[in-house]
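Read the structure below first, then the notes.
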Amino acid sequence: EPFVADEYIERLAWRTPGGGSRGGEAFDPKRLLEEFVNHIQELQVMDERIQRKVEKLEQQCQKEAKEFAKKVQELQKSNQVAFQHFQELDEHISYVATKVCHLGDQLEGVNTPRQRAVEAQKLMKYFNEFLDGELKSDVFTNSEKIKEAADIIQKLHLIAQELPFDSLMDFCGYPLSSPGKYHDLECQLIQEFTSAQRRGEISRMREVAAVLLHFKGYSHCVDVYIKQCQEGAFLRNDVFEDAAILCQRVNKQVGDVFSNPETVLAKLIQNIFEVKLQSYVKDQLEEHRKSDAEQYLKNLYDLYTRTTNLSSKLMEFNLGTDKQTFLSKLIKSIFISYLENYIEVEIGYLKSRSAMILQRYYDSKNHQKRSIGTGGIQDLKERIRQRTNLPLGPSIDTHGETFLSQEVVVNLLQETKQAFERCHRLSDPSDLPKNAFRIFSMLVEFLCTEHIDYALETGLAGIPSSDSKNANLYFLDVVHQANTIFHLFDKQFNDHLMPLISSSPKLSECLQKKKDIIEQMEVKLDMGIDTLNCMIGQMKHILAAEQKKTDFKPEDENNVLIQYTNACVKVCGYVRKQVEKIRNSMDGKNVDTVLMELGVRFHRLIYEHLQQYSYSCMGGMLAICDVAEYRKCAKDFKIALVLQLFDTLHALCNLLVVAPDNLKQVCSGEQLANLDKNILHSFVQLRVDYRSARLARHFS
């Protein structure tokens with residue numbers, strides 16, 4: 001701990017007897033002073049002793065420092081001497097090295113010509129053996145030295161090529177470069193390479209390939225390698241899978257054999273495409289090209305897809321710099337003759353297939369498709385018939401058939417879907433939008449025009465006149481099925497056509513064509529509103545047949561047991577069925593629009609019907625019950641306007657039974673206050689007691 005003088009003095013005084021003021025004995029200053037004096041003397045002695053020790057250590061340190069400095073100086077001198085010796089040695093080594101290099105250059109200058117002379121002498125010796133026609137050297141007779149013989153033959157061949165042909169003929173009687181030992185040895189090397197490949201000796205193959213690299217027959221060696229690689233490789237039915245497996249196997253081996261593996265592998269792939277695949281594709285397509293368009297298109301799509309998939313697998317290998325272009329050219333060389341007229345075959349097949357599907361359907365229905373006009377005199381007759389309810393000609397009886405088939409639609413859409421898929425795969429990117437539009441046009445022609453539009457036209461022609469009895473209203477079934485079919489058509493438009501044309505000018509053209517189709521169908525559906533006239537006509541027939549005058553003016557006022565009339569029951573039942581049918585046949589805002597129109601016409605019919613009768617007090621109550629039931633039926637429409645109309649009609653019927661004294665009060669009620677007084681008066685006039693002076697007076 002750090003030294004604190006005050007604490008040290010306190011501890012010293014506390015240890016001295018009589019030095020403390022709080023102890024058990026009295027304070028003795030003399031004794032404390034004596035203790036302090038003695039302690040100071042001890043400290044002085046200790047200080048002197050320590051001081052002497054410090055001085056001794058300082059002297060010793062100075063002495064050792066001088067000795068160390070002297071030693072460092074001596075070491076520095078020794079280091080300088082050693083450095084000088086090192087520089088001298090380095091200079092001497094450099095001098096010796098220069099001499100050695102100079103001597104080596106001189107030796108090389110002497111030895112190189114000597115080696116060339118020796119090699120030239122050997123070549124002359126071998127040349128003489130060729131001139132004599134007897135090859136006696138061991139290098140030519142020993143099959144194990146084929147590598148050395150190949151080197152010699154190669155050099156002699158190069159020499160022979162440099163000599164003039166005439167001089168060579170004059171000198172040795174035949175051209176050395178003609179088929180002879182050079183070609184024999186070349187064939188021998190290729191045979192050796194072939195044998196090594198069959199034995200699976202990779203090192204020997206690599207050695208022979210390196211020798212043949214300088215021969216003209218090197219390319220033939222590569223051809224032999226490619227040919228033998230394919231032996232036994234295409235034994236299964238799947239030539240594409242066999243090709244992929246073969247290329248994977250060769251890719252692992254070719255780098256260990258050849259110095260340019262990417263070139264060899266590319267040549268193998270080219271051979272597979274131009275020989276194996278092209279032959280296979282031709283066999284598969286030419287068989288059905290003219291006889292079976294469906295099978296031809298399926299095979300073309302399948303083969304092209306499998307070829308491009310194989311190309312994708314081969315992209316993993318090293319085939320040189322631009323392997324994408326290389327593989328694309330190979331694929332194009334195989335399929336170019338088939339892709340040039342693909343879309344014409346596609347459109348021709350799609351047209352004949354779609355026509356066959358439709359015809360087969362109409363034949364199954366024993367229906368002869370007829371031409372139904374939509375303009376001119378017939379359109380005028382239709383308008384006149386709608387306005388006057390006078391039948392100007394017999395309606396077509398469809399016998400309840402809508403002439404729409406989900407199966408036909410699914411078949412047409414499936415054929416078109418497959419056509420879109422083939423178009424996407426087989427069309428050139430620049431022609432893809434145009435080809436897709438042509439396929440779409442075929443779908444519009446056969447699905448929308450020949451099937452849906454024809455069914456709508458037939459349905460319109462089959463709508464009976466409003467005065468027909470027991471008319472069957474099948475047009476709503478046509479609407480329902482046409483609506484469902486068009487949803488399927490729209491789904492295929494978005495799922496399969498849009499991706500093909502989304503980034504091309506054809507997009508706006510397709511959207512406009514689709515819009516025109518929708519508008520054309522909506523016009524025909526609007527024309528089908530005549531069905532509502534038939535519904536109202538059916539209700540009129542029910543009311544005319546079932547409603548009796550005695551219903552609202554019974555003979556016995558006190559013996560009425562029914563809650564509402566039989567006519568009301570039948571009309572409400574009929575209306576509920578039609579409302580349900582309309583809801584099932586349409587969707588969206590069309591449902592509300594048609595139901596509102598039907599509801600307004602329904603209200604008008606009941607309003608006019610009620611004004612045909614006179615009402616007693618009990619008959620008026622029964623009329624109120626009928627209207628209440630009609631109002632319940634109107635709730636099924638879920639249209640506020642229709643319900644409001646029947647609420648008002650129900651309030652009007654109260655005028656048939658209210659006491660004469662309360663007529664003015666009822667007429668000024670919330671529901672009747674805004675009605676024309678003539679309407680109120682017309683209902684009051686229906687009461688059997690209207691002519692009584694009291695009732696007329698109260699109402700006036």
- Query: Any idea how many residues of region 489-519 are surrounded by 15 or more Cβ atoms within 10 Å (Cβ to Cβ) and under 20 Å from GLY588 (Cα atoms)?
  - Reply: 3
- Message: Being open to solvent by 10 Å² or more (accessible area, probe 1.4 Å) and in a helix (DSSP H, G or I) is the filter here; which residues of region 229-241 pass it?
- Response: VAL239, PHE240, GLU241
- Can you find even one residue in region 452-464 that is more than 23 Å from ASP516 (Cβ to Cβ), surrounded by fewer than 22 Cβ atoms within 10 Å (Cβ to Cβ), at pLDDT 85 or above and of a type in the set (Ser, Thr, Tyr)? no
- Filter region 350-362 down to the residues that are surrounded by 13 or more Cβ atoms within 10 Å (Cβ to Cβ) and over 27 Å from the mean Cα position of the chain (by Cα), then identify the one that is nearest to TYR280 (Cα to Cα). ARG353
- Note on the structure: Log entry, pairs with first residue in region 323-335 being on the phi < 0 side of the Ramachandran plot, second being surrounded by fewer than 17 Cβ atoms within 10 Å (Cβ to Cβ), beta carbons closer than 6 Å, six or more apart or on different chains, reads ILE334/GLN278
- So is GLN41 closer than 27 Å to TYR8 by Cα and either open to solvent by less than 100 Å² (accessible area, probe 1.4 Å) or modelled with pLDDT under 95 (or both) or not? yes
- Looking only at region 264-278, decide whether some residue is within 24 Å of SER337 (Cβ to Cβ), in a helix (DSSP H, G or I) and acidic (Asp, Glu). yes
- Item | All positions within region 399-428 that are open to solvent by 20 Å² or more (accessible area, probe 1.4 Å), assigned to a loop (DSSP other than H, G, I, E, B) and modelled with pLDDT under 90 | HIS399, GLY400, GLU401
- Within region 279-294, can one find any residue that is more than 30 Å from LEU350 (Cα to Cα), touching a helix residue (DSSP H, G or I) at 6+ places or on another chain (Cβ under 6 Å) and either open to solvent by 80 Å² or more (accessible area, probe 1.4 Å) or among the polar types (S, T, N, Q) (or both)? no
- Quick check: is even one residue across region 218-232 over 20 Å from GLU262 (Cβ atoms) and at pLDDT below 75? no
- Here is a list of conditions, (1) free of Cβ contacts under 8 Å to residues at least 60 places away in the same chain; (2) of a type outside the set (S, T, N, Q); (3) surrounded by 17 or more Cβ atoms within 10 Å (Cβ to Cβ), and HIS609 meets all of them except one; can you say which number that is? (1)
- Message: So for region 104-113 (the condition being under 30 Å from ALA196 (Cβ atoms), open to solvent by 90 Å² or more (accessible area, probe 1.4 Å) and modelled with pLDDT under 85), does at least one residue qualify?
- Response: no
- Query: Does LEU641 meet the test of being touching a residue at least 12 places away in the same chain (Cβ under 8 Å), within 22 Å of MET621 (Cβ to Cβ) and either in a helix (DSSP H, G or I) or of a type in the set (A, V, I, L, M) (or both)?
  - Reply: no
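The values are calculated or read from the model by the stated rules, or taken from the named source; none is laboratory data. As the structure is a computational prediction, the values presented were derived from the model and not from experiment. Counting neighbours? That spans all protein chains shown, and the Cβs are built from the backbone with ideal geometry, glycine included. Note: areas computed on protein heavy atoms with side chains; ligands, DNA, RNA excluded. Shrake-Rupley method; radii C 1.70, N 1.55, O 1.52, S 1.80 Å.
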